[in-house]
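The values are calculated or read from the model by the stated rules, or taken from the named source; none is laboratory data. These figures come from a predicted structure and were not determined experimentally. Neighbour counts are summed over all protein chains in view; Cβ atoms, including those assigned to glycine, are modelled from backbone coordinates with ideal geometry. When the accessible area is computed, the model is the full protein with side chains, heavy atoms only, and any ligands, DNA or RNA have been set aside. Shrake-Rupley method; radii C 1.70, N 1.55, O 1.52, S 1.80 Å.
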Amino acid sequence: MVRYSLDGTTFAKMAICGAKCLHSNKTIVNDLNVFPVPDGDTGDNMYMTLKSGCSEIADFESVGICDVSSFLAKGMLMGARGNSGVILSRIFAGISEGLSDMDVADVNDISKAFLCGVDRAYESVSTAVEGTILTVYREACEYAQSRISNKSTVDTYFSDYFDELKRSLERTPKLLPVLSEAGVVDSGGAGLVYITEGMINALEGDVTDYSLDDNSVTVKTDYSKFNENSTLDYGYCTEFLLQLLVSKCDVKKFDVEAFTEYLNLIGDSVVCFMEGSVLKVHVHTKTPGMVLDRAQKYGEFLTLKIENMTLQHNESNIQNRYVVPKSTKRKPFGIVAVAAGSGISEMFIESGADVVVEGGQCMNPSVGDLIDAFKKINAENIIVLPNNSNVILTAKTARQMYQDSEIFVVESKTVGDGYAAMGMFDPGCNSVDEILESFACAMEDVKTATVCRAIRNSSISGVDVKEGDYIGICDDEIISASVDINEAMLSLCEKLTPEKDLILLCYGESVSEEEAQALRNLLEKKLQNIEVALVNGGQPVYDYLLIIE
């Protein structure tokens with residue numbers, strides 16, 4: 001059939017099929033990491049981000065494209081993980097903005113909306129790097145727009161868009177030398193190609209199953225656990241989307257901060273933000289009626305969910321079991337760190353971090369994960385240590401969404417950066433500028449290195465690597481490679497330890513204590529005037545993580 005416009009139902013199916021196609025190919029996307037180590041997680045990040053949005057639209061039927069795109073974008077924002085996930089969420093936020101107030105969209109509407117996605121994606125990063133998903137998406141949108149004529153249809157637009165996506169992806173190694181050297185294309189761009197492939201399959205009617213890929217089991221609520229003898233210990237989890245109405249308030253001057261302050265007076269675990277003229281609210285409260293009465297003064301509900309948290313608390317498979325009590329006095333500073341491995345997490349807690357969010361390579365936390373951590377800390381100012389370059393943008397997005405505290409994101413790119421910074425933390429200091437300055441100085445003098453097995457043959461930075469070799473990496477450069485892990489480690493340390501005094505040797509979940517102790521003895525014997533401290537880090541992916549000071 002010739003399709004001259006796109007409705008909400010079809011767009012919802014396209015998004016879901018895009019997620020399904022990416023899910024089927026996410027391992028391929030993960031493996032497109034520059035270094036031959038098992039830490040590629042772009043496919044997982046993009047899939048989990050898109051799936052989070054698709055879960056909001058899975059049951060949409062006969063709904064305008066503006067509503068579908070809006071719900072999709074909001075769900076993706078809350079589930080955004082890693083740089084690739086955040087950028088993907090901003091692409092769809094821009095598309096949603098471009099499709100506002102539309103029940104159906106013609107070719108020109110679609111093109112303008114997709115170009116709006118380009119603007120939002122580029123705005124989401126401080127420094128745009130060409131040769132990434134940004135370039136692939138922008139060039140495809142510009143090419144598809146340039147091909148529009150009076151004979152264009154929705155199908156021809158997406159065909160042109162998809163063709164240029166693939167061509168642009170093939171060009172990414174020419175724009176980024178590191179891709180060319182590794183012999184791979186950009187992983188984020190590849191993820192976008194698979195998403196679009198699935199969207200086109202839905203558009204062409206080649207899909208019959210529009211269910212999301214999800215292996216989770218639905219837990220049936222046992223209502224008998226709240227009876228006439230029960231007490232409401234945990235209140236109600238209250239969530240809604242409120243469409244602000246001109247007939248009830250001045251939509252453009254609606255005070256989100258004031259509404260958030262009201263929610264904090266009668267509840268906790270508050271998330272409150274606006275997308276256009278729609279207010280998103282999540283709050284735990286014992287008086288949901290008061291929340292709804294206040295909200296309805298400004299608009300009407302698009303969605304509404306109220307769940308008894310006492311029932312949730314009693315369910316064996318509940319995802320969030322904790323309830324954070326509110327303190328009457330806020331402390332001046334709190335610290336959230338991101339780390340993987342029980343031992344490394346404990347290091348940050350012992351150094352003064354209030355909350356450690358589990359995350360790192362292959363397991364980037366989402367925006368929602370970080371916001372949940374912020375809510376656990378009753379502090380005026382919260383400092384975030386992402387400790388991974390792929391988490392920094394996620395942390396900055398969470399900062400923009402959280403209103404209850406001043407959030408400061410330290411651009412710590414490694415666990416070593418964050419650990420060195422924590423070593424300079426003075427809880428008695430009353431100046432956030434002084435704390436941040438001391439963190440920055442500490443990070444200048446530390447090196448973080450990792451050792452793990454290579455998963456494919458490669459030649460990078462003049463170092464030949466064979467599949468199964470142990471490779472030592474520091475500052476995005478392969479320093480050593482050997483079939484023997486101790487030899488790779490010793491060569492790595494010899495090149496990194498001049499003028500250094502201490503190696504904090506964190507061994508991962510795949511290494512025994514005996515093996516780690518033997519390596520420690522070897523390093524202390526071979527490296528003069530270097531103290532080697534052994535820590536059971538328990539980290540995944542990397543056999544060893546070294547913090548060198």
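Checking A337 against (1) farther than 19 Å from F439 by Cβ; (2) assigned to a strand (DSSP E or B); (3) at pLDDT 90 or above: exactly one of these is not met. Which one?
With (1) farther than 19 Å from F439 by Cβ; (2) assigned to a strand (DSSP E or B); (3) at pLDDT 90 or above applied to A337, the lone miss is (1).
I'm checking my understanding of the structure. Among residues of the range 1-23 that are more than 16 Å from E56 (Cβ to Cβ) and of a type in the set (V, I, T), which one is surrounded by the most Cβ atoms within 10 Å (Cβ to Cβ)?
This residue is T10.
Modelled with pLDDT under 90, open to solvent by 30 Å² or more (accessible area, probe 1.4 Å) and under 25 Å from the mean Cα position of the chain (by Cα), is that true of N215? Lay out the reasoning, then the answer.
Details: modelled with pLDDT under 90: yes; open to solvent by 30 Å² or more (accessible area, probe 1.4 Å): yes; under 25 Å from the mean Cα position of the chain (by Cα): yes.
So N215 passes the test.
Do you know which residues across the range 435-447 are in contact (Cβ under 8 Å) with a residue 60 or more places away in the chain, closer than 21 Å to I344 by Cα and open to solvent by less than 20 Å² (accessible area, probe 1.4 Å)? Steps first, please.
Pass one, the range 435-447, residues in contact (Cβ under 8 Å) with a residue 60 or more places away in the chain: 435, 445-447.
Filter once more, so that each one left must be closer than 21 Å to I344 by Cα: 445-447.
Correct list: V446 only.
Of all residues in the range 366-392, which are farther than 12 Å from I335 by Cβ and open to solvent by 20 Å² or more (accessible area, probe 1.4 Å)?
Scanning the range 366-392 gives D369, D372, K375, N378, E380, S389, N390.
Which condition from (1) among the aliphatic types (A, V, I, L, M); (2) closer than 30 Å to D31 by Cβ; (3) open to solvent by 10 Å² or more (accessible area, probe 1.4 Å); (4) modelled with pLDDT of 90 or more is the one that M363 breaks?
The number of the failed condition is (4).
Being open to solvent by 20 Å² or more (accessible area, probe 1.4 Å), assigned to a strand (DSSP E or B), in contact with an Asp or Glu (Cβ under 8 Å, 6 or more places away or on another chain) and at pLDDT 90 or above, is that true of even one residue in the range 535-544?
There is at least one residue in the range 535-544 that is open to solvent by 20 Å² or more (accessible area, probe 1.4 Å), assigned to a strand (DSSP E or B), in contact with an Asp or Glu (Cβ under 8 Å, 6 or more places away or on another chain) and at pLDDT 90 or above.
Select from the range 444-472 the residues that are in contact with a Phe, Trp or Tyr (Cβ under 9 Å, 6 or more places away or on another chain) and under 14 Å from N33 (Cα atoms) and list them in ascending order.
Answer for the range 444-472, where residues must be in contact with a Phe, Trp or Tyr (Cβ under 9 Å, 6 or more places away or on another chain) and under 14 Å from N33 (Cα atoms): A454, S458, I460.
So how many residues does the range 417-457 have that are outside any helix (DSSP H, G or I) and over 30 Å from A481 (Cα atoms)? Explain how you work it out, then say what you get.
Taking the range 417-457 as the starting set, the residues that turn out to be outside any helix (DSSP H, G or I) are 423-431, 445-457.
So of that shortlist, the ones also over 30 Å from A481 (Cα atoms) come out as 423-431.
The qualifying residues number 9.
When both residues are 6+ apart or on different chains and their Cβ atoms are under 7 Å apart, which pairs have a first residue that lies in the range 295-324 and is within 27 Å of V256 (Cα to Cα) and at pLDDT 50 or above, and a second that is of a type in the set (D, E, K, R) and open to solvent by 60 Å² or more (accessible area, probe 1.4 Å)?
Cβ pairs passing all conditions: K297/K248; Y298/K248; G299/K248.
Kindly indicate whether any position in the range 485-508 is under 25 Å from V356 (Cα atoms) and outside any strand (DSSP E or B).
To start, the set of residues in the range 485-508 that are under 25 Å from V356 (Cα atoms) comprises 502-508.
Now restrict to residues that are outside any strand (DSSP E or B): 508.
Scanning the range 485-508, I find at least one residue that is under 25 Å from V356 (Cα atoms) and outside any strand (DSSP E or B), so the answer is yes.
Could you please let me know if V483 is under 30 Å from P177 (Cα atoms) and open to solvent by 20 Å² or more (accessible area, probe 1.4 Å)?
Working: under 30 Å from P177 (Cα atoms): yes; open to solvent by 20 Å² or more (accessible area, probe 1.4 Å): yes.
Spelling it out, V483 is indeed under 30 Å from P177 (Cα atoms) and open to solvent by 20 Å² or more (accessible area, probe 1.4 Å).
For the range 232-253, name all the residues that are open to solvent by 40 Å² or more (accessible area, probe 1.4 Å) and not small (G, A, S).
Start the filter on the range 232-253 by keeping residues that are open to solvent by 40 Å² or more (accessible area, probe 1.4 Å), which leaves 232-234, 236, 239, 243, 245-248, 250, 252-253.
Selection gives L232, D233, Y234, Y236, E239, Q243, L245, V246, K248, D250, K252, K253.
Which pairs do you get when a residue that is at pLDDT below 90, found in the range 478-503, comes within reach of a residue that is of a type in the set (K, R) and buried (at least 16 other Cβ atoms within 10 Å of the Cβ), reach meaning Cβ atoms under 8 angstrom, with the pair 6+ apart or on two chains?
L496/K447; K500/K447
Within the range 451-480, how many residues are closer than 21 Å to Y507 by Cα, out of contact with any helix residue (DSSP H, G or I) (no Cβ under 9 Å at 6 or more places or on another chain), open to solvent by less than 20 Å² (accessible area, probe 1.4 Å) and of a type in the set (V, I, T)?
1
Only residues that are touching a helix residue (DSSP H, G or I) at 6+ places or on another chain (Cβ under 8 Å) and either over 19 Å from D41 (Cβ atoms) or not in a loop (DSSP other than H, G, I, E, B) (or both): list them for the range 340-364, please.
Within the range 340-364, I344, M347, F348, S351, G352, A353, D354, V355, V356, V357, E358 meet the criteria.
Just to be sure before I move on: is A144 modelled with pLDDT under 95 and either surrounded by fewer than 13 Cβ atoms within 10 Å (Cβ to Cβ) or in contact with a Phe, Trp or Tyr (Cβ under 9 Å, 6 or more places away or on another chain) (or both) in the structure I sent? Explain how you work it out, then say what you get.
Values: modelled with pLDDT under 95: no; either surrounded by fewer than 13 Cβ atoms within 10 Å (Cβ to Cβ) or in contact with a Phe, Trp or Tyr (Cβ under 9 Å, 6 or more places away or on another chain) (or both): yes.
Taking the combined requirement at face value, the residue does not satisfy it.
Residues of the range 167-199 being more than 25 Å from N457 (Cα to Cα), surrounded by 17 or more Cβ atoms within 10 Å (Cβ to Cβ) and free of Cβ contacts under 8 Å to residues at least 60 places away in the same chain, which ones?
Initial filter on the range 167-199 (more than 25 Å from N457 (Cα to Cα)): 167-168, 192-199.
Retained after the next criterion (residues that are surrounded by 17 or more Cβ atoms within 10 Å (Cβ to Cβ)): 168, 192-199.
Passing the criteria: S168, V193.
Within the range 240-262, which residues are over 15 Å from M401 (Cα atoms) and at pLDDT below 85?
Across the range 240-262, the qualifying residues are F240, L241.
Identify, by number, the condition in (1) closer than 30 Å to G334 by Cβ; (2) buried (at least 16 other Cβ atoms within 10 Å of the Cβ) that L492 doesn't meet.
(1)
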